[in-house]
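Data first, discussion second: the structure below is written as C-alpha cells.
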Amino acid sequence: MRVIRLTLAYDGTGFRGWARQRDPDVRTVEGSLVGVLSRIARHDVRVSVAGRTDAGVHARGQVASFLTSSRLAPSRLQAATNAALAPEIVVVDARDAREGFDARFAATERGYRYGIDTAPVADPFTARYVWHRPAEMSIDRMRAAARHLVGEHDFTSFCRHPGPGKPTVRDVRRISVARAGSIISIRFDANAFLHQMVRALTGTLVAVGEGKVDPGSIPSILAAADRSAARGVAPPPGLPLERVVYGRRERR
C-alpha cells in the first residue's frame, strides 16, 4: 500500500462543508473527492484531512492523504481527479508520501485568512470570497485585541459546542491584521482550531474595530469560557484555509 498526499484548493460555496454525510444527497467536499478517487483507484478510498472546513468555507492549501494499492502515478491521478472535479475542487499537487504519513495527525500548524470588504457597495466578482461589511473599522484597535489572543489559551468562548470532555486549549501563534484598499485581511496561524473558532474570533475582532467592544476586554472574554461572552460569528464566505505546515521548515 502507498500513501498519496494531495494539496487541494476548493470553492466551498456549493458544499455543506468538508465532512461526508450519511445522506448521499448532501453535497460535501470529502464525499465528492472520495467518490472520484475510489473510481480512479478502483477500490474504496478513505481520506484523512488537515482541516475539516465548515459549510461554505473555502481552501487554497488544504492537505489530504489516503492509502491506495493503485500503481497509478500521482500526476495521472491528479489529472484524472481534476478532469472530474475542477474548477470547484482542484488537486494542486499530488505526490507519494512517506509510510505512515497522515495529513491530519502529522500537521503542526494551520493557517487561515479572513477577508472583509468595507466598500460601500459589494463587488459581484469577489462577493463569494469576502464578508461585505461597509463600516469604519480601526485596524489599531483590532491589532491591540489580537495581541491578547496570541498564545496558549482556552478558547471555549470562541467555539461552537466543543462537547463534554473535549480539549479546548489551542496555541495561537500569530494573528495579523492588514488593510489593502477596502479589504481588511486577518490571518490566523495556530497548531489547530476548534469548530467555528476562526469565524468567532473574526466576529469579535470586527466588533472591536467598530468600537463596540473594548480591546482590553479580550482577556476577560477568554477567562469566561462561555460562548455568550464573545460577539457573533462571521459568515463563511470570507474564510479560506490558506496553508498547512508539516515540521518547522515546510511552508505549503
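Before moving on, here are some points about what is shown:
- Sites A86 and D171 - FRET efficiency at Förster radius 35 Å, r taken between beta-carbons, to 0.05: 0.50
- Highest mean packing first, where packing is the average number of other Cβ atoms within 10 Å per residue, the peptides 183-190, 198-205, 40-47 line up as 198-205, 183-190, 40-47.
- Summing charges over all other residues whose Cβ lies under 13 Å from the Cβ of S32, with Lys and Arg as +1 and Asp and Glu as -1, gives 0.
- Pair S185, R128: separation of 7 Å Cα→Cβ label points (nm): 2.0
- Relative intensity, log₁₀ I(q)/I(0), of the stretch 32-155 from a Debye sum that treats every alpha carbon as a point, q = 0.10, 0.13, 0.14 Å⁻¹: -0.49, -0.74, -0.82
- For the peptides 150-162, 18-30, residues were scored by their other Cβ atoms within 10 Å and the scores averaged per peptide; the highest-first order is 150-162, 18-30.
- Distance from the Cα centroid of the stretch 25-80 to that of the stretch 220-237 is 32 Å (rounded to whole angstrom).
- Span from the the stretch 111-148 Cα centroid across to the the stretch 171-206 one, whole angstrom: 10
- Global size of the stretch 111-168 as Cα Rg and Dmax, reported in angstrom: 15.7, 45
- Taken over the chain, the percentage of Cα pairs per 5 Å bin, counting from 0 up to the bin with the maximum distance, is 1, 6, 13, 17, 17, 16, 12, 9, 5, 3, 1, 0.
- Solvent-accessible heavy-atom area per residue, rounded to whole Å², over the stretch 115-252 at 1.4 Å: 50
- Stokes-Einstein D in µm²/s, Kirkwood radius over Cα pairs - the stretch 95-206 at 37 °C with 0.692 mPa s viscosity: 209
- Among the GluC sites (Glu not before Pro) found in the stretch 39-140, those both in a DSSP coil and sparsely packed, with 16 or fewer other Cβ atoms within 10 Å of their Cβ, are E88, E99, E136.
- Net charge dipole, the stretch 92-214: roughly 100 debye, given to the nearest 20, about the Cα centre with Cβ charges of +1 for Lys and Arg and -1 for Asp and Glu.
- Evaluating 6.51 cos²θ - 1.76 cosθ + 1.60 at θ = phi - 60° for every residue in the stretch 220-237, the Karplus couplings come out as 6, 5, 4, 5, 5, 6, 9, 4, 6, 6, 9, 7, x, 9, 5, x, x, x Hz, glycine and proline recorded as x.
The values are calculated or read from the model by the stated rules, or taken from the named source; none is laboratory data. What you are looking at is a predicted structure, and each value in this text was computed from that prediction instead of being measured. Please note: Cβ atoms are built from the backbone with ideal geometry, for glycine as well, and neighbour counts cover all protein chains shown. All accessible areas refer to the heavy atoms of the entire protein, side chains included, with ligands and DNA or RNA removed. Shrake-Rupley method; radii C 1.70, N 1.55, O 1.52, S 1.80 Å.
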